[in-house]
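A quick write-up on the structure given underneath.
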Amino acid sequence: DTGVSQDPRHKITKRGQNVTFRCDPISEHNRLYWYRQTLGQGPEFLTYFQNEAQLEKSRLLSDRFSAERPKGSFSTLEIQRTEQGDSAMYLCASSPGNNEQFFGPGTRLTVL
Amino acid sequence: GESVGLHLPTLSVQEGDNSIINCAYSNSASDYFIWYKQESGKGPQFIIDIRSNMDKRQGQRVTVLLNKTVKHLSLQIAATQPGDSAVYFCAENGAYNTDKLIFGTGTRLQVFP
């Protein structure tokens, strides 16, 4: 499968714990995006990278959230001190740079 | 503020009929629009896109229409099939050269046999 992959697909954690998600974009796509989606809503933009540079961050991305793309390929999204309000689907998308964005299957986070 | 909205939260159609899903956008500076299909538990799947220099684009069984005068976008699905049942989102890029996508809340399409 040459699409966007995300790991894990599901994560259940207790409030206050740290979690980290990984995204592997489509190879040769230089842009990578993170979105968050809650039930019944459309995805909301969090941040994006062009190669290894993080070019934009949403106000939704509090200081408990950090994203990296160290080598310009895969990316990680870490949430520290998780809260129940962090429960959502975290989606990753990649793009060759022409606005088209292709999404992965998402990581479903449940914070107890 | 910027927003992308949908008129109908749920659309029910009979198999074989044509479906039309509508979307209103608010940012007149948006120059790129895209439709996604999302099935339960999966990520959004690209269907078709259109740039602001066009008013119509066709794909396989799908057509997107863009009316910039009234800031309206629609997705037409011909001969709707049970496999088309999903939530459909429209999204816009919000402003020239902005990479992020702004999504609406979605329309659920239900196809009955």
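The values are calculated or read from the model by the stated rules, or taken from the named source; none is laboratory data. What you see is a predicted model, and the numbers here were worked out from it, not measured in a lab. Cβ sites come from the backbone with ideal geometry, for glycine too, and all protein chains shown count toward neighbours. Only protein heavy atoms, including side chains, enter the accessible area calculation; ligands, DNA and RNA are left aside. Shrake-Rupley method; radii C 1.70, N 1.55, O 1.52, S 1.80 Å.
For chain A, with every protein chain kept in place, what is the accessible area per residue (1.4 Å probe, Å²)? Walk me through the intermediate numbers first.
Numbers: 5690 Å² over 112 residues.
With the other protein chains kept in place, chain A gives 51 Å² per residue.
Around residue A:82, what is the net charge, scoring Lys/Arg as +1 and Asp/Glu as -1 over all other residues with Cβ under 15 Å from its Cβ?
Working: positive: A:11, A:14, A:15, A:36, A:64, A:81, A:108; negative: A:63, A:78, A:83, A:86.
Local charge sum for residue A:82: +3.
May I ask for the accessible area buried between chains B and A, both sides summed, probe 1.4 Å, to the nearest 100 Å²?
Values: alone 6270 and 6460 Å², together 11150 Å².
That pair of chains buries around 1600 Å² in total.
Other chains' Cβ within 10 Å of A:33-41 residues: what's the mean? Numbers along the way, then the final one.
Numbers: counts 3, 0, 5, 0, 6, 0, 0, 5, 5.
Mean shielding by partner chains, rounded to a whole number: 3.
Over the Cα atoms, compute the radius of gyration (one decimal) and Dmax (the largest Cα-Cα distance, rounded to a whole number) for region B:24-113, in Å.
For region B:24-113, the Cα radius of gyration and maximum Cα-Cα distance read 13.1, 43 Å.
What is the gain in length, in nm to one decimal, between residue B:29 and residue B:70 on full extension, counting 0.36 nm per residue of separation less the C-alpha to C-alpha distance? Provide the component values of the computation, followed by the final result.
Working: separation 41, 0.36 × 41 = 14.76 nm, distance 1.30 nm.
That works out to 13.5 nm of additional length.
Rounded to the nearest Å, what's the spacing between the alpha carbon centres of region A:46-83 and region A:1-26? Just the number, please.
If you average the Cα positions of each part, the centres end up 13 Å apart.
With a Förster radius of 41 Å, plug the Cβ-Cβ distance of residue A:28 and residue B:81 into 1/(1 + (r/R0)^6) and report the FRET value to the nearest 0.05. Numbers along the way, then the final one.
Values: r = 33 Å, r/R0 = 0.80.
Approximately 0.80, to the nearest 0.05.
Say a paramagnetic label sat at a point 7 Å from the Cα of residue A:14, along Cα to Cβ; which residues of region A:72-112 have their backbone N under 15 Å from it?
Once the point is set 7 Å along Cα→Cβ of residue A:14, A:81-84, A:111-112 turn out to lie under 15 Å by backbone N, inside region A:72-112.
Under 14 Å from the 7 Å Cα→Cβ point of residue A:110, by amide nitrogen: which residues of region A:6-37?
A:9-15
Taking θ as phi - 60°, what are the ³J(HN,Hα) couplings along region A:92-99 by the Karplus curve (6.51, -1.76, 1.60), each to the nearest whole Hz, with x for Gly and Pro?
With coefficients 6.51, -1.76 and 1.60, one gets 10, 9, 10, 8, x, x, 10, 6 Hz.
Heavy atoms only, probe 1.4 Å: what % of the accessible area of region B:16-113 goes to carbon and sulfur, would you let me know?
On the way: 2040 of 4440 Å².
It is 46 percent, rounded to a whole number.
Run through the DSSP bridge list for chain A and note the antiparallel percent, rounded to the nearest 5. Please report the intermediate quantities before stating the final value.
Details: 34 of 38 bridges.
If we restrict to bridges inside chain A, about 90 percent are antiparallel.
Using a Förster radius of 30 Å, what is the FRET efficiency between residue A:63 and residue B:105 based on their Cβ-Cβ separation? Nearest 0.05, please.
Values: r = 28 Å, r/R0 = 0.93.
It comes out at approximately 0.60.
Consider just the alpha-carbon atoms of region A:13-56 and return their Rg together with their Dmax, both in angstrom.
Here Rg and the maximum Cα pair distance are 13.1, 37 Å.
So, counting K/R as plus one and D/E as minus one, what does the shell of residues with Cβ under 12 Å around residue B:57 add up to? List each step's numbers first, then the result.
Working: positive: B:51, B:56; negative: B:49, B:55.
Residues near residue B:57 contribute 0 overall.
Taking the square root of 5 times each eigenvalue of the Cα gyration tensor, what semi-axes in Å does the equivalent ellipsoid of the protein assembly as shown have, largest first?
Details: eigenvalues 175, 81, 51 Å².
For the protein assembly as shown, the semi-axes come out at 30, 20, 16 Å.
Roll a 1.4 angstrom probe over the protein heavy atoms and tell me the percent of accessible area of chain A that is carbon or sulfur. Spell out each step's value before the answer.
Values: 2430 of 5690 Å².
Solvent-exposed carbon and sulfur of chain A make up 43 percent of the total.
Sorted by mean Cβ packing within 10 Å, highest first, what order do the peptides B:81-87, A:56-62, B:46-52 take?
Numbers: B:81-87: 15.3, A:56-62: 13.3, B:46-52: 16.9.
Put in order of decreasing packing, that is B:46-52, B:81-87, A:56-62.
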